[in-house]
1. At what distance in angstrom do the alpha carbon centres of segment 127-142 and segment 319-385 lie from each other?
2. Order 347-353, 206-212 from most to least packed using the mean count of other Cβ atoms within 10 Å.
3. Please work out the C-alpha center-to-center distance from segment 239-263 to segment 143-177 and express it in whole Å.
4. Between residue 39 and residue 166, what is 0.36 nm times their sequence separation minus the Cα-Cα distance? Round to one decimal in nm.
5. Counting each DSSP H run of 4 or more residues in the chain as -39500 (n - 2.57), what helix-only mean residue ellipticity at 222 nm follows after dividing by all residues, to the nearest 500 deg cm²/dmol?
6. Assuming 0.36 nm per residue, please report the length gained on full extension of the stretch residue 103 to residue 260 beyond their Cα-Cα distance.
7. Work out, step by step, the length gained on full extension between residue 383 and residue 11: first 0.36 nm times the residue separation, then minus their alpha carbon distance; give nm to one decimal.
8. Would you mind giving the average projected area, over all directions, of the Cα convex hull of the chain in nm² with one decimal?
Ligand SMILES: Cc1ncc(COP(=O)(O)O)c(C=O)c1O
Ligand SMILES: [Zn+2]
């Protein structure tokens with residue numbers, strides 16, 4: 001039994017039934033799933049939530065999957081919200097929480113949107129699934145496809161980190177390493193999916209895929225005792241994660257659960273910041289980047305598909321956009337690891353770097369309650385540390401050698 005009403009165009013408001021449609025038929029605008037919220041209100045109760053399974057399906061009334069048997073169960077979501085007191089001390093913020101999505105099945109938040117998109121692909125009996133990816137989505141899609149016994153095709157830049165191209169192949173996916181940027185991979189993936197009738201999670205299943213990410217907002221709300229924080233810092237690639245959080249907020253508000261939105265703060269690397277530049281320009285349109293250049297490869301999307309909507313969401317919630325440089329991003333990764341014992345990839349480091357910068361210039365106040373979305377694990381991106389951590393020379397197994405080694409160390 002489901003509560004889905006249909007699809008609605010974010011640009012012109014046109015409504016469609018909940019079929020496999022990715023863009024508005026009259027204006028090509030982005031579509032979002034709508035629900036019968038008055039009916040949801042009767043079964044979505046705080047007291048009942050506590051008893052539900054500890055995965056993202058605990059918010060099933062607000063997810064668009066109608067057939068429970070279509071779900072692939074990899075235990076996605078319900079990740080820890082960690083109180084980060086030492087990080088707070090370091091950055092002069094009274095209350096920081098780290099939403100730790102590094103512990104999802106394939107070590108990034110992408111397992112959430114994929115869970116929903118793959119369930120829809122199974123409901124519709126699609127012959128194969130796939131994605132265009134900057135790395136994390138490839139792993140998430142490939143793992144879910146393996147469990148669903150569906151063929152999987154991953155389009156990614158050939159220049160991606162070796163680990164990110166390897167993982168989907170372990171799961172049995174076919175990786176198509178595209179000569180070019182993510183945007184090149186995305187364009188050819190769209191054409192291929194169309195020609196072959198495949199379901200590409202972030203392309204032709206996009207409105208459904210987007211729904212999975214808003215569970216990050218629902219979980220945060222539940223974990224803070226049914227309250228939202230003042231600020232959420234969100235890494236931006238296509239911008240869809242941020243717009244999904246804003247949609248989740250609107251739904252909670254319409255259900256009467258919350259009143260004011262958290263300030264949504266988006267962050268990208270300075271070497272690829274089309275959404276940040278768009279936020280700062282009067283027209284509020286992303287400024288495409290032809291050649292992204294940053295260690296934060298998972299955010300390196302030059303022509304962000306949901307950038308315009310992300311800018312609108314940041315403006316509507318009185319948030320802002322920021323773009324730290326690569327050294328600051330890597331410092332952010334190290335600070336989080338050493339203060340809190342959480343190892344993120346550069347995308348998570350951008351949130352730490354932005355919080356530091358925003359405290360320095362006052363864009364975030366010491367007394368605001370801040371949540372950092374740590375969206376991916378550092379274990380997939382060892383290559384970004386090649387320069388900072390040189391290989392270690394072996395030490396002979398005797399005390400004199402160990403003493404000499406320890407004596408000669410400068411700690412850093
Ligand atoms: C670890 C990580 N964080 C954040 C993002 C940004 O998500 P979106 O593309 O929805 O803006 C990505 C996207 O690939 C990612 O891999
Ligand atoms: Zn439209």
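The numbers here are math on the coordinates, done by the rules we state, and not lab data. If you're wondering where the values come from, they're calculated on a predicted model, not measured in any experiment. FYI the Cβ positions are ideal-geometry reconstructions off the backbone, even for glycines, and counts take in every protein chain you see.
1. Segment 127-142 and segment 319-385 have Cα centres separated by 25 Å.
2. Details: 347-353: 31.6, 206-212: 26.6.
Top to bottom by mean Cβ count within 10 Å: 347-353, 206-212.
3. So the two Cα centres are separated by 32 Å.
4. On the way: separation 127, 0.36 × 127 = 45.72 nm, distance 4.47 nm.
Stretched fully, the residue 39-residue 166 segment lengthens by 41.2 nm.
5. Values: 15 runs with 156 residues, N = 412.
One gets -11500 deg cm²/dmol as the mean residue ellipticity at 222 nm.
6. On the way: separation 157, 0.36 × 157 = 56.52 nm, distance 2.93 nm.
Answer, rounded to one decimal: 53.6 nm.
7. On the way: separation 372, 0.36 × 372 = 133.92 nm, distance 4.06 nm.
Full-extension gain reported as 129.9 nm.
8. Values: hull surface 86.0 nm².
Here the figure is 21.5 nm², rounded to one decimal.
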